[in-house]
Every structure is written in structure tokens, then in C-alpha cells.
Amino acid sequence: MKTLISILVFGIAASNGMAQQGAIDREAVVRRNTIRINKPDPLGSLTVGNGQFAFTADVTGLQSFPAYYQKGVPLGTQSEWGWHSFPNTEKYRREETLKEYELNGKKITYCVQVKEPERSRKAVEYFRVNPHRLQLGNIGFEITKKNGALATIEDIQQIDQQLDMWTGELQSKFTVEDVPVVVTTYAHQQQDGISVQINSPLLAEQRLAIRLHFPYPNGEFKDVGTFEGDSSKHRSELYKPVAFGGAIRRTLDTTTYFVQYTFTRAASVSMRRAHDCIIQPPVGATDFQASFYFAPGIKNTVPSYSETKINSSTQWNKFWKSGGAIDLSGSTNERAKELERRIVLSQYLTKVQCASAYPPQETGLTYNSWFGKPHLEMHWWHAVHYALWGRPELMERSLNWYFTVADGARALAKRQGFDGLRWQKMTDHAGEEAPSSVGAFLIWQQPHLIYMAELAYRAKKDKKVLNKYKDLVFGTADFMASFPTWDSVNKRYNLGKGLIPAQECFDAVKTFNPTYELAYWQWALTVAQQWRQRLGLPREKKWDAIVKQLSPWPQANGVYLATESTPDCYTNERYITDHPAVLGAYSSLPACDRLDTTVMKNTYNLILKVWKWETTWGWDFPLMAMTATRLNMPDKAIDALFMPVQTNTYLVNGHNYQDDRLTIYLPGNGGLLSAVAMMCAGYDQNKTATPGFPKDGSWKVKWEGLKPMF
């Protein structure tokens, strides 16, 4: 009887997102997935960082060959505070980017990419480009060969580079003309800087120096930090140099910041050119330690190499021992080892690239895409996994940002004739709206705030969380309730016209009632009502009316349609591209009274047959895995995570590769972590242990500390 009770208790625990604690050797899991590099690879650069600052290095452990990596994963140095704008000499105004549309009997202005008049087009260009995230500087080696020539990437031989994610240590061993060099690099976990230790006979001969180079923003969609530009437009100046340290003051228009440095040995520091600083260690020494820290102003002290090393090791140990863990080592399935690698590396990458006080850009803190601006519809994919992995505090770091931009969201809603808070799409840290003919019409970022606030509440079940976020939740719900339009003919509320769904190939002016957004609207307004009840407040009648009378999910021939306005969405090639977002209605979202699982399963299987997979994005595969898990199709969940599509590629450094333009794509990594958490811990009302993994005996899944999805 005791054995039977134990089995029943364990089964219930597993179905509720719990597993036996202490079963996983976390250090072993992380360290067996240590990244190893033994040859130059433009896509194989490695990053150290802390979530608000990141430094991406080549095979030398620093950023010695940025040109070689610029078309791969660039050698970036970025921080959450490093932004810049070109001077607005023409005094462009954001109002000049607005275009009026007549939708549902109302005149509404949207911030779009207008083509004319000429001044408006230039205003659009200015506000898309500005502000943009800065590449703060390039720290690399300058190595001189015996013949006096500078070493190139081809001269870096016998490479043995390892990134120990358990401690944050990047160790790089290589030779130049058979002379060994050993470089160890760490990033501080609370401050924006790195420290490096160098051991090599090349130091004693003064054939190895450190070069700091400062590029200029290129003002383009993609900035990889190698643009030289006009050297007269920015300044790099030595600031109070002394034998063992000093700083470089950087000035770009109205932007100023500093790079402070400190050494263990006296070294010569000189500006060789306008934006090249050379640090030459002393003659005779075979070892050298240096720290480089970036900040908007001068700091009193700069951590030493030993202090940075201890800080990195301590904080990374703390991170890996917190929250959830998954161990797939007992599996015989041929995909298990690779899946575990992607899981571990994605945890590391999202921690160093995305765990700041602001929503991150899609390429994190490595290089600029979309001018360095974050996209709020991607915030779910960047941040929700932190809560599902038992680290909700990392999600809440960026959730707090919404308080600072709420006034702008309120003004946007008011300008368009809506209530509450309409969250921006393509934005910046100040919450300004960047012109976008697609982004301005997206709406699926609106419920994300409610989703993440609900996760924060579930993590603590504390009324303080409700009181903290209630104004944001209720303001979001007010907008969502004011956005639908009443259809007097069909006696229902419609979403649209005047929207572009998550699947972005639809015409905003013609589109209405996308399935995923209908489901998300219903779920979020229902949760917002629950918040009112938890706080002892009366229900909002308008919210109830919208939930009750919102248009049903459109379907035809036994499948859900992407939108009601496109009944040919599976036969018209225009509509079988981009994200298969219709599946989102039963992926991150739970079952509701409008869901027919048979219809959703039919939809899933049809999409598998007809979709143009070369047009998809990295988070589409986790999306499908979550839907397959809820539909009790674990085989297809695994197949989705391993679909052989270019945008589902995971590089040696763990990055989700999309194409030449987006060589890294952090929403894919975050989506993978959310999907795998659900595949292990399940979801509300789930009754199957590890529901996303096949029960064919080839998968042995140990997990702990993960939380179920809604």
C-alpha cells in the first residue's frame, strides 16, 4: 500500500510541474556541454556578459579580427545604456510620420513608413535610425610576427578555445609562429566590463599588445561595429592616464562615455591614431592582467582581474544552482544529446544577452538589427522562459520597464481613440514609437504584459505582486476592451479591420478576426478580471461583454483559419508563409470553451503539409512543439524542435541562426527554453508526466525546478 501511495504521489507531483529534487548533477550537465572551438569560424564567436553588458570574442579570447567575423557572429561590445542619436538638424517631428486611415468608421493615425511628401519620408528614416544602440569599442590583440608584419587570422594556429559556462571563463589557447599564447577572459556579473589574463613569451618581446579601437555608428539596419566613418565626427581621448590605469573618454555628438582600464604591471598607453589606443605591456614579462570597464561616467574603482574572476565564478555558480535543470544523459534517442546542448547553451545565451532591465533587441547585445531597437511582440519569447525555469526575477527585470513607458502607451491609445495603454511595437528605451508599416498594426504584443504579470503572481502568490502591476494590467485590459468593434449584423465583437496578426503577411486594412489574437484577447481579459477579483474589486462589465461576445475562431473544412478575412489561407501561396501563428491559439495558451482539439489537430497536420518552411523564423518551431505537446503528440513535438530548416539551425556557440542578415536570433533560444519547460513540467490541467517527450523508451528525462505553463 505504501508503495502504491508513493507512486500515486509522485505521479501527481509530476503532473503538477514538480520532480524529485537533488536528482540532477547540474555541474556535470553544464560542463559536458562546454563549448569547444579548434579553428576560426565566422559563426563561432563566443560571448561573456551579464545580461546588461556583453562582449563577444574571437578565437584569441578578445576581438582581434573583427573584419573576419563581421559577416558571421560579429565581435560586439554593447550595454543596456549605450545609445546614440545623430543630430536632428532638420528638426523632424514624429507627427510627420503619421498617416491617417479610415477603419471601422473611425479615422485613426498610425506611425508608418510614409513615402511622401519628401520631408515625411526623411522624418521616417530619421526616427527609424535614431536612437540606435552603440558598439562601445573593440578590444583585441595586435600581434607582430618575426618579420615585423602583423599577424592575420591565418597566423593563429593550434587553437584550443573553451567556454566554461559553469564559471563564465573563456580560455583561449593558440600559437603564432609556434609561440604559445594563453588568454583567459571573464565578464563581471554586476558591472559592465571584462578582465583578461595573458600568458605568452610574445609579451616579453613586446610582440603582443592590446589594441582598443572605436568605430562609428553606420546608421543602418545592421551595425556590426566595423564602420570607420568620418573620424572627425567622434573623439577618443586619453583621460587621466597613469602607469597602471586610466580611461578613454568617448564623445559622439551629445553622447559621452568612458572606458576605464587597470593593469597589474605598468604599461605604456598611447593613441596611435584618432580612434586606436595601443597598450604595450613591459619588456621581459610573460604574463599580464588587464581590466576594461565601460560606463556613462567615471567610476571610483575598476575591479581587478582576480576580483572579476571571483565575481564571475560565484555568480554563474549561483545562476546554475537556481531555478530549473534538465538532464537527458540517460536517453538513447539520437537527438537527446543535441537537445540537451541547445537547452544548456540557450540558458547561457539568454542570461548574457537578454537579462537586462529593458526588453532586448532580437540580436541581443552582440550587434544591431533594426537599429538596435527592441520589438515588444518578441518580449514573450525573450522573457517568459525565465519564469518557467524558476527564475522569475530575471523576467521581472524587464517587466518593470513598462512602468516607465506607460505614459507613452496611454498617449498612443488616446491619439487613436482607444482607452487604456496601447503598447508600442518597435521602440526604444524611452518607449518612443519607431515608424513601421507592419509594426504599427501589430496587436499581439498587447496581452504579453498580462501574461508575464500573471506569471510573476504565480511565482509568489503574494498580493504585493497584484498591487504592483495592477495599473499596467488594468490599463492593458482597458485598451483591449476598447479595440474590438461591434458587428451589428452578426451580433459579435470583431478584432479588426486595421490590424496585422502575428503572421505578418496580411493586409492591415482588410484583415479581421485572426484566430490566435482572438484566443489571446479572450484569455488576457479573463485573467485581468481574475486580478480584479483577487483584489476585491468588482468585475468590469465591458471586459465581460467582450469575452462573451468576441467573434468565434474562424474555421472551414475542419481546420482553423489564420484569419476570417482569408478563407483561402491554406491554398493561396501568399498566406502559407511566415509564422504559422494560428497554432498559437493552443500553444502558450490553455484550452478554452472555444477550442475544438480535433480541429486544432487537423490544422496542425495541414500546416505540416502545405507550409513554406523556408519563410519561417526560429520561434516557430518551439511554437509548434508547444501545440503538439498540448495535443498529446509528443513525437511531433520533438520533430518540430528538430525540423531540418535553416532557421532552426543552432550554431556551435548555441545561437539560433536565421540567415546572412540575422546570424543570431535570441527569440529562438528563448522559445526553445519555454517549449522544453512545458514538455517536461506540463501545463495547467495536464495529467501526463513529461507530456512533450515520447514514451517509447528512448527518452529518459530528469528535470527539476521547472514550472508548468498556463
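The numbers here are math on the coordinates, done by the rules we state, and not lab data. As the structure is a prediction and not an experimental result, all values here were calculated from the model. For neighbour counting, all protein chains shown are included, and Cβ atoms are generated from backbone atoms with ideal geometry for every residue, glycine included.
Below is a table of values for the structure above.
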read-out: For segment 627-702, with +1 on Lys and Arg beta carbons and -1 on Asp and Glu, the positive-most of Thr688, Thr627, Ala677 along the dipole; value: Thr688
read-out: Under Karplus coefficients 6.51, -1.76 and 1.60, residue-wise ³J(HN,Hα) of segment 175-185 in Hz, glycine/proline x; value: 10, 10, 6, 6, 8, x, 9, 10, 10, 10, 10
read-out: Long-range amide H partners of Ala57 with built H, under 5 Å; value: Leu46, Thr47, Val48
read-out: Crossing angle, helix 463-482 versus the chain [Cα axis fit, 0-90 degrees, rounded to tens]; value: 60 degrees
read-out: Packing-based exposure ordering (other Cβ within 10 Å, fewest first) of Ile153, Ile194; value: Ile153, Ile194
read-out: By average C-beta atoms within 10 angstrom, highest first, the peptides 220-227, 539-546; value: 220-227, 539-546
read-out: Chain lengthening between Thr89 and Phe642 when straightened (0.36 nm per residue, less Cα-Cα); value: 194.1 nm
read-out: Chain lengthening between Val179 and Lys115 when straightened (0.36 nm per residue, less Cα-Cα); value: 17.2 nm
read-out: Under 14 Å, Cβ to Cβ, from Ala430 - net charge with Lys/Arg +1 and Asp/Glu -1; value: -2
read-out: Gyration tensor (alpha-carbon) shape descriptor, segment 180-231, a/c threshold 1.5; value: oblate
read-out: Cα-Cα P(r), segment 405-463, percent of pairs per 10 Å interval; value: 22, 46, 24, 8, 0
read-out: Mean Cβ count within 10 Å, highest first, over the residues of peptides 470-477, 51-58, 529-536; value: 51-58, 470-477, 529-536
read-out: Given charges at Cβ of Lys, Arg, Asp, Glu: the chain dipole, positive-most of Gly284, Ser488, Pro215; value: Ser488
read-out: The chain: angle of helix 448-460 to the longest principal axis, Cα-based, in degrees nearest 10; value: 80 degrees
read-out: Rounded to the nearest 20 debye, dipole of segment 392-526 from Cβ charges on Lys, Arg, Asp, Glu; value: 420 debye
read-out: Taking the chain and dividing mean pair separation by its residue count, relative contact order in percent (alpha carbons under 8 Å, at least six apart); value: 15 percent
read-out: For Tyr665, residues with placed amide H under 5 Å, excluding near neighbours; value: Asn656
read-out: Structure-based [θ]222 nm, the chain - -39500 (n - 2.57) summed over DSSP H runs of at least 4, per residue, nearest 500; value: -9500 deg cm²/dmol
read-out: Over 32 Å between alpha carbons, listed pairs Lys414/Lys707; Lys470/Lys510; Lys491/Lys636; Lys425/Lys463; Lys309/Lys463; value: Lys414/Lys707; Lys470/Lys510; Lys491/Lys636; Lys309/Lys463
read-out: Long-range amide H partners of Arg265 with built H, under 5 Å; value: Gln289
read-out: Isotropic mean projected area of the C-alpha convex hull, segment 246-327 (nm²); value: 9.1 nm²
read-out: Spin-label zone in segment 603-619 - amide nitrogen under 14 Å from a point set 7 Å from the Cα of Thr571 along the C-beta vector; value: none
read-out: Spherically averaged projected area in nm², based on the convex hull that wraps the Cα atoms of segment 33-99; value: 8.1 nm²
read-out: Table column - 3J(HN,Hα) (Hz), segment 229-244, Karplus curve with 6.51, -1.76, 1.60, x for Gly and Pro; value: x, 8, 4, 7, 7, 8, 10, 10, 10, 5, 10, 6, x, 9, 4, 10
read-out: Segment 358-419: C-alpha pair distances exceeding 13 Å, %; value: 68 percent
read-out: Residue among Gly76, Gln522, Ala54 farthest towards the positive dipole end of the chain, charges placed on Cβ; value: Gln522
read-out: Ranked packing of 133-143, 674-684, most packed first, by mean Cβ within 10 Å; value: 674-684, 133-143
read-out: Rounded to 5, percent antiparallel among DSSP beta bridges of the chain; value: 95 percent
read-out: Dipole magnitude of the chain about its Cα centre (Cβ charges: Lys, Arg +1; Asp, Glu -1), debye to nearest 20; value: 1700 debye
read-out: Alpha-carbon centroids, segment 338-352 and segment 246-312: separation in whole Å; value: 31 Å
read-out: Within segment 556-658: Cβ-based charge dipole about Cα centre, in debye rounded to nearest 20 (Lys, Arg +1; Asp, Glu -1); value: 140 debye
read-out: Folded to 0 to 90 degrees: helix 666-681 orientation relative to the chain principal axis, Cα; value: 60 degrees
read-out: Theoretical FRET efficiency, 1/(1+(r/R0)^6), r = Cβ-Cβ of Phe710 and Thr254, R0 45 Å, to 0.05; value: 0.50
